[in-house]
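K.L.:
Okay, here's the structure, questions in a sec.
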4 protein chains.
Amino acid sequence: MSNKEEDSVTGSTGTLLVSCPDRKGLIAALAQMLADHGMNIIDTQQHTDLTAGMFFQRLRFDASELDISRDDFKDLLRIKLSRFDMDWRLSFRDEKKRIVILVSKFEHCIYDLLLRHRLGELDCEIPLILSNHPDLQHVADSFGIPYRVFPIDRTNKAEQEEKQLALLDELGTDLVVLARYMQVLSPTFIERYRERIINIHHSSLPAFVGARPYHQAYERGVKLIGATAHYATADLDQGPIIDQEVTHCSHDDSIEDLVRKGRDMERITLARAVRAHLEDRIIIFGRRTVVF
Amino acid sequence: MSNKEEDSVTGSTGTLLVSCPDRKGLIAALAQMLADHGMNIIDTQQHTDLTAGMFFQRLRFDASELDISRDDFKDLLRIKLSRFDMDWRLSFRDEKKRIVILVSKFEHCIYDLLLRHRLGELDCEIPLILSNHPDLQHVADSFGIPYRVFPIDRTNKAEQEEKQLALLDELGTDLVVLARYMQVLSPTFIERYRERIINIHHSSLPAFVGARPYHQAYERGVKLIGATAHYATADLDQGPIIDQEVTHCSHDDSIEDLVRKGRDMERITLARAVRAHLEDRIIIFGRRTVVF
Amino acid sequence: MSNKEEDSVTGSTGTLLVSCPDRKGLIAALAQMLADHGMNIIDTQQHTDLTAGMFFQRLRFDASELDISRDDFKDLLRIKLSRFDMDWRLSFRDEKKRIVILVSKFEHCIYDLLLRHRLGELDCEIPLILSNHPDLQHVADSFGIPYRVFPIDRTNKAEQEEKQLALLDELGTDLVVLARYMQVLSPTFIERYRERIINIHHSSLPAFVGARPYHQAYERGVKLIGATAHYATADLDQGPIIDQEVTHCSHDDSIEDLVRKGRDMERITLARAVRAHLEDRIIIFGRRTVVF
Amino acid sequence: MSNKEEDSVTGSTGTLLVSCPDRKGLIAALAQMLADHGMNIIDTQQHTDLTAGMFFQRLRFDASELDISRDDFKDLLRIKLSRFDMDWRLSFRDEKKRIVILVSKFEHCIYDLLLRHRLGELDCEIPLILSNHPDLQHVADSFGIPYRVFPIDRTNKAEQEEKQLALLDELGTDLVVLARYMQVLSPTFIERYRERIINIHHSSLPAFVGARPYHQAYERGVKLIGATAHYATADLDQGPIIDQEVTHCSHDDSIEDLVRKGRDMERITLARAVRAHLEDRIIIFGRRTVVF
């Protein structure tokens, strides 16, 4: 079930996302803990990685009849789940996540995200758009979202990033979305928002690294072109993959056509990845993700 | 997790598929019942239809440490689940399902199923292929599967169906697959194997009924052609949909091309539907299916 | 080859789109006529419908060295092609087509078209957006395009359509795009812009007519949801199909999810259809299209 | 139009595939040459690579009224096309191409090709299946095709390849299909059948080289898995790409699932590539292909 059916649920829903070493009784224990405090599970997905011996679960529940405070419930989870060596994350739909979008000069991804946000597809707040260029001010304006420019050159990157981070912290940012932001983030930045930065980049088979990937893809005559959304890690473009999409291309596609098709793939893939994150569907596990 | 990872599980796995009116505590109760008897859940998917107020769940568990007999466990489920007004189905992977395939003269679907079976993709036994024509005897032979012909004409249908049904019953058939079987089954036949007959048919947008659907699709200039797999019901081709697939077509595709592309869609869609059934992933709910 | 490679062509390109009863020598005659006047063919696609005995061709050529005036060249075509009983259309890329977009309250399609236009994906002018509601004025504003409202009620439709048509004529409109325009156009309107109105509507397998198609698709449990772009004809939603696209859906998709996925399909399909029209890739042939 | 419509053409069709430096008048010259000798063009596709200044065209024509012998027509082409510095290939549908399939132990690709051949999807003769293992003898038998085994070990490769090549030559082989043949062909072999060997291999994003690609893809958590068909070159798996296909995968897919999905992609992609070659749709141009 998806989150709009929640309209049928009076009050709010909560989502609990857990991972831990596998052992017997985990599902019963988690379900019981929710039931004990009046919460009905709306849907749950669970996965066991038998090779790694790991347990993963997402539980979405009706939180409207929670009979203790949310803080108390979190304390309870902390105490009761500690014996399972469990990583867990609890969120409530009425406590909307806050995402900040970083852009440079390309407008297709930012437009797509803002339009989906306005159409109600992305259940979050977008308090700010950050850029290293003034070019997309008008896009932010037309959606009524503040736009701040931090120009970055060879000398000021660390300093500018510090300001950006201060701003992100101040805004209580839950997720940073790199919507074709053409600056490489420093390891410091990435570490501060570890597992909370989503990036999008082009993809093809074979993959091309370095400059002008579409030119390389064209020269190689690839028949598929696409995009990969992943969490940013210090190892550029090598972070855990969230989603991927491709489309067919042919000799009939010029480099400009490949770029155009790539834009469409980037829009679709980035939006799906951000949506999955907002709906607490993703658990990072080493270099991989579980996307429920 | 998918069923081949079970190789890592010592012993066998079981699958419990349940549906009932939604209420609190269902997941905890089910999980507890499994845990109480030594069974570790490998994976579970759950869905609540909030509009209909219905609860659906699939639980796959390690059955190797079940501490009572399987029959006793079934009795226990019957007794304990009755209070929830629950429909449930329990199966064990080492008790392989038995499917009988019905064919006429088209060989693409039967070949595909038999090849996938031999490659280990379809975890079942295929004790028999039934046909109203002798044409595909050689296919059955090359895979070492018995082939029986029941010619059907205007006068003998009821009689021949009775023989077919007797045979199906005798073989302990769990699923009947209509792999392009060109006879309409009688309501009697369908009722006897209700929710246990999978059919495949062509699909296009718009859909065409009656004779020569590919000719109609060609005349209409459709740009997509595909196939739908569904459970057979008395209302022909209107049963609960299990899976659908389409592919692009164009003015450049002749009727014969549409037929060829349709064959590919039929193969893929039918195989996926049969596999989902064999893995106990499907719950029929009114005219719809939940496919976990 | 696609039109952006024209950047490599000095000067402008022309496109000649022809259809006629098939006979020998057509390709040679057309190619010779272009060669005779200094024009190099950049690419050509040709199709023969053997059943109908019809010939279709699209020729794109470098028009920069045309050695007579464009008007003279058109006269020449008229005279020389008359003996082949040929329908033909000649256009030049530097004479941009003018499209007028009609909208109501949904903004996803209009946004997508305007964004693609700004990104250079749609090679045309958009002199006007027409609507029966004031709601999307802000979208038009943010792209700097005039927006005119013609409210339509039970009594004034014919009269309002006359005004709309006068405006379309005055603007030299080559194509009318119904980007989720929720009014049924009168036969008069459709006849005036015959083969020059593109519409988009939802599609599923089976197809549902009447109100609330997504509710019907949900109730029926379809596993694919999509969109069809077609030329508008008096017989609503039955015009020649230009393009279709679908995506997978499941029990996990609420009606709202289906609507969301449908929006994505509508955006993609409508944009592709408009682009194909602008690039003179489409020939209408009876109820069908040839899309090169 | 596709080749089955030829049923409507009395007699046979021919296909002329040409590439040469671009210049004016090529299309007219080619079309005229066909018209001069009584041949009606059924369809043609043409592409100009403006960057490289290259011209490519495929012409399919009704050869039934060719007024000179085929050999004379070839001589004529040789003489008349020499001034254009043109590479060209002429084939007639009634002179069926002969393909030899090389396999090892995997049966999914060979089965798929043989089934499609029997269904009439691959218009060719298959005089022989070659293998380095006896395992798939039964598959060849069930389709009535000769099967020859050339076991290959560290010491005898050159010698065995010589025998294979002698056999291929003797059979008048037009195309060698590596249907999961697990031996690396020597540069000598590849050179002898240059541009006439099609190979299929797994693909994912990112691509993995070396052993156990599906394990690597699993470890990396890719969300798409697929296959690439290409012409074999001395530089392993780097030859000109003919076709590619992918499908979605997730955390829920075990390595065995990835292998299963990969098999489906390999079957589809290899069959499409072989079909395109048989229909003379492919022109190799450097590291790329034009696939009409």
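K.L.:
What is the projected area of the convex hull of the Cα atoms of the range B:52-117, averaged over all directions, in nm²?
P.N.:
Working: hull surface 31.1 nm².
Mean orientational projected area (the range B:52-117, Cα hull): 7.8 nm².
K.L.:
Which whole-Hz ³J(HN,Hα) couplings does the range C:224-233 yield from phi under the Karplus relation 6.51 cos²θ - 1.76 cosθ + 1.60, θ = phi - 60°, glycine and proline marked x?
P.N.:
9, 9, x, 8, 10, 9, 8, 6, 6, 10
K.L.:
If you don't mind, another one. Using packing as a proxy for protection, rank A:149-156, C:105-112 so that the peptide with the highest average count of other Cβ atoms within 10 Å comes first.
P.N.:
C:105-112, A:149-156
K.L.:
Let me ask something additional. What share of all Cα pairs of the range B:155-236, in percent, falls into each consecutive 5 Å distance bin?
P.N.:
Result returned by the calculation: 3, 13, 21, 20, 14, 11, 8, 6, 2, 0.
K.L.:
Can I ask one more? Translational diffusion coefficient of the range B:135-292 at 4 °C, 1.567 mPa s, Stokes-Einstein with Kirkwood Rh over Cα pairs, in µm²/s as a whole number.
P.N.:
76
K.L.:
How far apart, in nm, are two points set 7 Å out from the Cα along the Cα-to-Cβ line at D:His138 and at B:Asp87?
P.N.:
About 4.0 nm, to one decimal.
K.L.:
Kindly report, to the nearest 10 Å², the accessible surface of D:Glu159 as traced by a 1.4 Å probe over protein heavy atoms only.
P.N.:
About 110 Å², ignoring ligands and nucleic acids.
K.L.:
Among DSSP beta bridges lying fully in the protein assembly as shown, give the percent that are antiparallel, nearest 5. Can you show the working numbers first?
P.N.:
Numbers: 173 of 237 bridges.
Approximately 75 percent, going by the DSSP bridge assignments.
K.L.:
Something else now. Quote the charge dipole size of the protein assembly as shown about the Cα centre in Debye, to the nearest 20; the model charges only the Cβ of Lys and Arg (+1) and of Asp and Glu (-1).
P.N.:
Its charge dipole is roughly 0 debye.
K.L.:
Related question: How would A:Arg148, C:Arg180, A:Arg194 line up by accessible area, probe 1.4 Å, largest first?
P.N.:
My answer, sorted largest first, is A:Arg194, A:Arg148, C:Arg180.
K.L.:
Against the longest alpha carbon principal axis of chain A, how many degrees, from 0 to 90 and to the nearest 10, is the axis of helix A:108-118 turned?
P.N.:
It works out to around 40 degrees.
K.L.:
With a 1.4 Å probe and all protein chains in place, put B:Phe285, B:Phe55 in order of accessible area, largest first. Walk me through the intermediate numbers first.
P.N.:
Working: B:Phe285 50, B:Phe55 5 Å².
Reading off the accessible areas and sorting them downward yields B:Phe285, B:Phe55.
K.L.:
May I pose another question? Take every Cα-Cα pair in the range D:121-167 and report what % of them are more than 17 Å apart.
P.N.:
42
K.L.:
Separate question: Just to verify a number: what accessible area does D:Arg116 come out at with the full protein assembly present, 1.4 Å probe, Å² rounded to tens?
P.N.:
Rounded to the nearest 10, the figure is 10 Å².
K.L.:
Take the Cα gyration tensor of the range C:22-84, multiply each eigenvalue by 5, square-root it, and list the three semi-axes largest first, rounded to whole angstrom.
P.N.:
On the way: eigenvalues 104, 39, 15 Å².
They are 23, 14, 9 Å, listed from largest to smallest.
K.L.:
Can you give the accessible area of B:Arg281, probe radius 1.4 Å, in Å² rounded to 10?
P.N.:
30
K.L.:
Report D for the protein assembly as shown in µm² per second (integer): Stokes-Einstein, Kirkwood Rh on Cα pairs, 10 °C, 1.306 mPa s.
P.N.:
For these conditions, the coefficient is 49 µm²/s.
K.L.:
Using the basic label-point model (7 angstrom from Cα toward the beta carbon), what is the D:Arg78 to A:Lys24 distance in nanometres?
P.N.:
8.2
K.L.:
Using a simple charge model, +1 on the beta-carbon of Lys and Arg, -1 on the beta-carbon of Asp and Glu, nothing else, what dipole does the range B:123-162 show about its Cα centre, in debye to the nearest 20?
P.N.:
With only Lys, Arg, Asp and Glu charged at Cβ, the dipole is about 160 debye.
K.L.:
Can you compute the FRET efficiency between B:Lys96 and D:Asp36 using 1/(1 + (r/R0)^6), with r the Cβ-Cβ distance and R0 = 45 Å? Round to the nearest 0.05.
P.N.:
So the FRET efficiency works out to roughly 0.10.
K.L.:
Using only atoms on other chains, find how many Cβ atoms lie within 10 Å of each Cβ of peptide D:34-41 and report the average.
P.N.:
For peptide D:34-41, the averaged partner shielding equals 4.
K.L.:
Need one word for the range A:95-182: rounded, prolate or oblate. Basis is the Cα gyration tensor (sqrt eigenvalues a ≥ b ≥ c); a/c below 1.5 gives rounded, then a/b vs b/c decides. The partial results should precede the final answer.
P.N.:
Values: a/c = 2.21, a/b = 1.35, b/c = 1.64.
Judged from the Cα gyration tensor, the range A:95-182 comes out oblate (a/c at least 1.5, b/c at or above a/b).
K.L.:
Go through the range A:265-271 residue by residue and turn each phi into a ³J(HN,Hα) via Karplus (6.51, -1.76, 1.60, θ = phi - 60°); whole Hz please, and just put x for glycine and proline.
P.N.:
5, 5, 4, 5, 6, 5, 4
K.L.:
Given a cut-off of 28 Å, name the pairs among A:Lys163/C:Lys261; B:Lys261/D:Lys80; B:Lys96/C:Lys261; D:Lys157/D:Lys223; A:Lys223/C:Lys261; A:Lys223/B:Lys261 whose C-alpha atoms lie farther apart than that in the structure shown.
P.N.:
Pairs exceeding 28 Å: A:Lys163/C:Lys261; B:Lys261/D:Lys80; B:Lys96/C:Lys261; D:Lys157/D:Lys223.
K.L.:
How big is the dipole moment of the range A:150-267 about its Cα centre under a simple scheme where the beta carbon of each Lys and Arg is +1, that of each Asp and Glu is -1, and everything else is neutral? Debye, nearest 20, please.
P.N.:
Magnitude of the dipole: close to 220 debye.
K.L.:
In a Debye calculation with equal point scatterers on the alpha-carbon sites of chain D and no solvent, what is log10 I(q)/I(0) at q = 0.08, 0.10, 0.13, 0.16 Å⁻¹?
P.N.:
These q points yield log10 I(q)/I(0) values of -0.40, -0.61, -0.99, -1.32.
The values are calculated or read from the model by the stated rules, or taken from the named source; none is laboratory data. If you're wondering where the values come from, they're calculated on a predicted model, not measured in any experiment. Cβ: placed from backbone, ideal geometry, glycine included. Neighbour counts: every protein chain shown. These area figures cover heavy atoms from the full protein model, side chains too; ligands, DNA and RNA do not enter into them. Shrake-Rupley method; radii C 1.70, N 1.55, O 1.52, S 1.80 Å.
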